[in-house]
Amino acid sequence: MKIEIWSDVMCPFCYIGKKNFENALAELPFKDKIDVEWKSFQLDPSLETGVSTTTAEYFRDKKGFPEAQAKQMTAQVTEMGKSVGIDFNFENAIITNTFPAHKLIHLAKKKNLGAEMEEELFKAHFLDGKNIGDEKILINLGENLGLKSEDITEALSNQEIDLEVKHEIIEASQLGISGVPFFVIDQKYGVSGAQPVETFKEAITQAYNENTVTLSNNNDATCGEDGCEI
């Protein structure tokens, strides 16, 4: 059975969802029979490549959120992160165009390191305050997983990989996915948001047994073009 996960590495709920999903998967007796593929989604493709800003500046200038509202939202997400072992560092997080990061993920997927690359990028962005739109940073992150620097450099300028990333973004739109994380199970059932471990276990088990899975689309922790909602 295959599970496809649409995600953006600048989405905090995608990181939380990844932790809960992986913890759920680890508890399933048939986990070895499940193939997981991470797919590309961009929360804000309008961001210029090579230009970066702080989280506070982004909320103020791009989303029009008052400073107090932005702080309240990040504080809530920080508490959610602590519950799954993530120590979000929003003060130092750098907002940038994530398209190059998605290209690196695609290179890693060809080496069966997609989930590992997602984790490296989440850590770099949310914990270490690194600019995941910077080529040097991406090369270092890829090398951490054993990828060759020359392969990373080539991938970041490869137009075929551009098309691969864009195809997945278009695919998400065709499926009606407007917020992430979004989990498509066996190409039939969808689960939206950073769901609890037990919810993931139930959904995956029911799909595995070819029963009906309820789509989780209401009041979920997701990020979309209009921002993140809890």
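The values are calculated or read from the model by the stated rules, or taken from the named source; none is laboratory data. All of these numbers come straight from a predicted model, not from anything done at the bench. Here the Cβ positions follow ideal geometry from the backbone for every residue, glycine too, while neighbour counts run over all protein chains shown. Keep in mind that these areas ignore ligands, DNA and RNA; they rest on the heavy atoms of the full protein, side chains included. Shrake-Rupley method; radii C 1.70, N 1.55, O 1.52, S 1.80 Å.
Odds and ends about this structure:
- Entry remark, segment 162-190: residues being in a loop (DSSP other than H, G, I, E, B), in contact with a Lys or Arg (Cβ under 9 Å, 6 or more places away or on another chain) and either exposed (fewer than 15 other Cβ atoms within 10 Å of the Cβ) or at pLDDT 95 or above (or both) number 2 in total.
- Among the residues of segment 1-32, just one is touching a helix residue (DSSP H, G or I) at 6+ places or on another chain (Cβ under 9 Å) and free of Cβ contacts under 8 Å to residues at least 60 places away in the same chain, namely K31.
- Selected residue (criterion: farthest from E120 (Cα to Cα)) from residues of segment 152-161 that are open to solvent by less than 60 Å² (accessible area, probe 1.4 Å) and not β-branched (V, I, T): N158
- Filter pass, I137 being open to solvent by 30 Å² or more (accessible area, probe 1.4 Å), touching a residue at least 24 places away in the same chain (Cβ under 8 Å), aliphatic (A, V, I, L, M) and more than 15 Å from Y15 (Cα to Cα): no
- Qualifying residue in segment 116-123 (condition: open to solvent by less than 20 Å² (accessible area, probe 1.4 Å), more than 15 Å from I152 (Cβ to Cβ) and of a type in the set (D, E, K, R)): yes
- Selection of segment 191-225 for residues being within 26 Å of P29 (Cβ to Cβ), in a strand (DSSP E or B) and modelled with pLDDT under 95 yields only S216.
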